[in-house]
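Working notes, structure below.
The values are calculated or read from the model by the stated rules, or taken from the named source; none is laboratory data. Nothing here was measured: the structure is a model prediction, and the numbers come from that model. Here Cβ is always computed from backbone atoms with ideal geometry, including for glycine, and neighbour counts include all displayed protein chains. For the accessible areas, the whole protein counts, side chains as well, though only heavy atoms, and no ligand, DNA or RNA atoms are used. Shrake-Rupley method; radii C 1.70, N 1.55, O 1.52, S 1.80 Å.
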Amino acid sequence: MAAWIQASLVLAVVVGLHVPLGDYMARVLDGGRHWRAEKVVYRVCGIAPDKEQSWRHYLTALLAFTVMSIAALFALFSLQDKLPWSTGHEGMPWRLALHTAVSFTTNTSWQNYAGESTTGHLAVMAGLGVQAFASAAVGICVALVLIRGLTRRSTEDLGNFWVDLLRTIFRVLVPIAVVGGLILMAGGVIQSLGGGHTVDTVAGAKQTLLDGPVASWEPVKLFSGDGGGVFNASSAHPFENPTAWTNAFEIVLMLLVPVACIRMFGRLIGSLKQSWTLLTVVGILFGLLLAAGSFAQSAHTGTVTEAIGGPHEGTETRIGVPGSTLFGVAATGSADGAANSAYDSFSSLGGGVLLSAMMLGEVAPGGTGSGLYGLIVVVLVAVFIGGLMVGRTPEYLRKRIGYAEMRWVVSYALIPPTVILACTGFALATGNGQSSMGNPGAHGLTELIYAYTSNTNSNGSSMAGFNGATDFHNQLMVFAMLAGRYLPMVCVLALAGRLAKQQPGVVTVGTLRAQGPNFVVLATAASVILALLNFLPALSLGAVADGLL
C-alpha cells in the first residue's frame, strides 16, 4: 500500500506540473522575439535566426552540430590529464574516449568506466554536463519540426535548427537545472570542486571519500534523459540520492519534461484533447509496466532472487524495493539511464519489465522530445490501421497518411529492433557476447540484449553483470548508438517535410477521430503489438525463460 501511495503521489505531481511547464514550452519555443543573449550568440556564430530551413537543411545542421560535439568531447577526454581540474585522472584510451563522446552526444550516456575514478571535474562540467543539455535539446528540436509538419501547409519551411537549439537550452533546460540543483542541494546532494576527503573509518583504517560537482549535474542527468552519474553507482550513491524524498524528486525530474512535451504538442496544434489523449496512452503503458514490475519483484522468481533468497540484494535499503522498482520503470520508460539500484539484481521477470519498457520504443513517456515524436509515430500507425478499418484514407490532424508517409513511419519503427537484434546476433556469432556475460544461459542473454537495447534506444542503463568495457563492444556500441539515434531522426524529419507540403483535408463524419476511449485503446494496442512482433522471441529466450526456470 505504501508503494502505491508513493507512486500515486509522484505521478500526481508530474501530471500537475506538466500543465504549466508544457504551456510555457509552447509559448517560448515556437515563434516570438529573440532574447538579447540569443542575439549575441547568433551574431558571434554568424547565424541568420530568421531564415527558416527545409527538412534537409535542418538535418544537415543537426548532423554538423553532432559531429562537432563528438570531436570536442573526444578531444576533452583524450587530453584530460593536460587540462585543469583533472583531479589526477589520466586521459582516456581512444576507443573509450570515442565511445564516451558518442554516448553523451546521442543522449545515451552508457558509461564503460567508473565515473569517480576516470573523469575529472572539467570533463564532467564542460563535457558531460554541456552535452546533457545539448543532446536533450536536439530531441526537442526534432519534435518541434514534426509538430510544424503537422500544422503548416504547402511549405518547406520547418524552422531553424540553431534557433530551436538555443531556445530550448536557454529558455527551458537551464532554468529547470538551476531550480532542481538548488532543491537537491537542500536535500543533501553534495556540490564541491575539491579532490575528496580522507577520513578515519570505524575500524581505524583510512578511506578517501570522493566528491565533485554533483548537485549541479544531478538534475541535468535526470530531466534531460541523460542518466550518466558522477559516481559509478549513479543514483544509488548517497551523495547523488541521499534520502527517500530526494529519490521521489528525482523520479519526478525524469518524467516531467517528456510529459510536458505532450502538453506542448497539444498547445502548438491547437487541440488540448489530443494531448490528453496521448497522455492517457502514456499513462496506461506506464501503469502496466509499473504493475508488472512490482508484481515481478514481489514474486521472487528467477535466477537472481533464487540465488540470494529474495529481492533485496542490490537494492538500497534507504529506499527499499518499491522505490527501486518505481525508479527503474521511470528510468527505462523515460529513456533515462539513471539507476538507484542494481538492475542486474532485479528478479528475472522484473529485469524483463525494464527491458520491455525500452523495447516499447521508450514512449511511456520516452526521452526529451524523442518520446513525443516516437509516440506520434505510434499514433500514425494506429491512424493508418484505423483508417483502413473504416474504409477511408487515413488522416491525422487533417493531414493525409498515405504510402509515402507510411514508408517513413515503417522505417522509423523497424530501425531500432533491426539494430538491436543485428548487434546482439553479431556479438554472439563472434563469441564476444558470451565472453562479456556475467551469467551464462538465459540470464546472460538478457544482459546482452539489455545492453544493445539500452544503447540503440538512447537509454544508457545497464545490467552490471555485462562487461561492455572491451574494444569490441566499445566499437559496436558506437555503431548502435549512432544508428539508433540518428536514422530515426532522418525518418521523422523526412516525414515532417512531406506533411508540411500538404494542404489540410476536410473533416467529415467519416473521418477517424484521433481521440476518445476507442482511439486510446487502438493506439495503446498498436504500441504493444509492435513491440511484441519485434521482440517476443528475444524476450522468450532471455528474461521469460530465465524467470520460468
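Within region 188-224, the set of residues being in contact with a strand residue (DSSP E or B) (Cβ under 8 Å, 6 or more places away or on another chain) and within 24 Å of GLY127 (Cα to Cα) comprises GLY196, LEU209, ASP211. Within region 500-534, restricting attention to residues that are farther than 29 Å from LEU355 by Cβ and either small (Gly, Ala, Ser) or in contact with a helix residue (DSSP H, G or I) (Cβ under 7 Å, 6 or more places away or on another chain) (or both), the residue that is surrounded by the fewest Cβ atoms within 10 Å (Cβ to Cβ) is GLY510.
Cβ-Cβ distances below 8 Å connect the following pairs, each with a first residue in region 31-52 that is touching a residue at least 60 places away in the same chain (Cβ under 8 Å), a second residue that is of a type in the set (Asp, Glu) and surrounded by 11 or more Cβ atoms within 10 Å (Cβ to Cβ), and a separation of six or more residues or different chains: PRO49/GLU38; GLU52/ASP157.
Within region 15-39, restricting attention to residues that are under 30 Å from GLY323 (Cβ atoms) and either aliphatic (A, V, I, L, M) or touching a Ser or Thr at 6+ places or on another chain (Cβ under 6 Å) (or both), the residue that is most open to solvent (accessible area, probe 1.4 Å) is LEU17. Here THR393 meets the list (1) over 23 Å from LEU487 (Cβ atoms); (2) surrounded by 17 or more Cβ atoms within 10 Å (Cβ to Cβ); (3) polar (S, T, N, Q) almost entirely, failing just condition (2). Taken together, the residues in region 18-73 that are among the charged types (D, E, K, R) and in a helix (DSSP H, G or I) amount to 7. The residue that is nearest to HIS473 (Cα to Cα), counting only those in region 396-421 that are open to solvent by 60 Å² or more (accessible area, probe 1.4 Å) and not in a loop (DSSP other than H, G, I, E, B), is LEU421. For SER356, indicate whether it is modelled with pLDDT of 90 or more and either open to solvent by 20 Å² or more (accessible area, probe 1.4 Å) or within 16 Å of the chain's Cα centre (by Cα) (or both). Yes; evaluated as a whole, the condition is true for this residue. Looking at region 78-188, the helices (runs of 4 or more DSSP H) lying wholly inside it that each contain 1 or more residues that are touching a Phe, Trp or Tyr at 6+ places or on another chain (Cβ under 9 Å), of a type in the set (Lys, Arg) and open to solvent by less than 40 Å² (accessible area, probe 1.4 Å) sit at 161-167. If you go through region 340-352 and keep only what is crowded, with 24+ Cβ neighbours inside 10 Å and either among the basic types (Lys, Arg) or outside any helix (DSSP H, G or I) (or both), you end up with ASN340, SER341, PHE346, SER347.
Of the set (1) more than 26 Å from the chain's Cα centre (by Cα); (2) surrounded by 16 or more Cβ atoms within 10 Å (Cβ to Cβ); (3) farther than 20 Å from ALA134 by Cα, all apply to TYR42 but (3).
If I ask for residues that are open to solvent by 40 Å² or more (accessible area, probe 1.4 Å) and within 24 Å of the chain's Cα centre (by Cα), which ones from region 535-549 would you list? Result: LEU536, single match.
The set of residues from region 260-275 being among the hydrophobic types (A, V, I, L, M, F, W, C), open to solvent by 10 Å² or more (accessible area, probe 1.4 Å) and touching a residue at least 60 places away in the same chain (Cβ under 8 Å) comprises LEU268, ILE269.
Tell me whether region 423-434 contains one or more residues that are out of contact with any Phe, Trp or Tyr (no Cβ under 7 Å at 6 or more places or on another chain), small (Gly, Ala, Ser), in contact (Cβ under 8 Å) with a residue 60 or more places away in the chain and open to solvent by less than 20 Å² (accessible area, probe 1.4 Å). No: region 423-434 contains no residue that is out of contact with any Phe, Trp or Tyr (no Cβ under 7 Å at 6 or more places or on another chain), small (Gly, Ala, Ser), in contact (Cβ under 8 Å) with a residue 60 or more places away in the chain and open to solvent by less than 20 Å² (accessible area, probe 1.4 Å).
Is it the case that some residue within region 1-14 is under 12 Å from ASN160 (Cβ atoms), open to solvent by 70 Å² or more (accessible area, probe 1.4 Å) and outside any helix (DSSP H, G or I)? No, region 1-14 contains no residue that is under 12 Å from ASN160 (Cβ atoms), open to solvent by 70 Å² or more (accessible area, probe 1.4 Å) and outside any helix (DSSP H, G or I). I'd like to check something: does region 55-70 contain any residue that is farther than 30 Å from GLY149 by Cβ and in contact (Cβ under 8 Å) with a residue 60 or more places away in the chain? No: region 55-70 contains no residue that is farther than 30 Å from GLY149 by Cβ and in contact (Cβ under 8 Å) with a residue 60 or more places away in the chain. Residue count for region 225-235 satisfying the condition of being touching a Ser or Thr at 6+ places or on another chain (Cβ under 6 Å) and either assigned to a helix (DSSP H, G or I) or over 13 Å from ASN340 (Cα atoms) (or both): 2.
Kindly establish whether GLY465 is more than 17 Å from GLY361 (Cα to Cα), open to solvent by 20 Å² or more (accessible area, probe 1.4 Å) and modelled with pLDDT of 95 or more. It is false that GLY465 is more than 17 Å from GLY361 (Cα to Cα), open to solvent by 20 Å² or more (accessible area, probe 1.4 Å) and modelled with pLDDT of 95 or more. Can you say whether ARG485 is under 23 Å from TYR412 (Cα atoms), at pLDDT 90 or above, of a type in the set (D, E, K, R) and open to solvent by less than 30 Å² (accessible area, probe 1.4 Å), as far as the supplied structure shows? Considered against the rule, which asks whether it is under 23 Å from TYR412 (Cα atoms), at pLDDT 90 or above, of a type in the set (D, E, K, R) and open to solvent by less than 30 Å² (accessible area, probe 1.4 Å), ARG485 comes out as yes.
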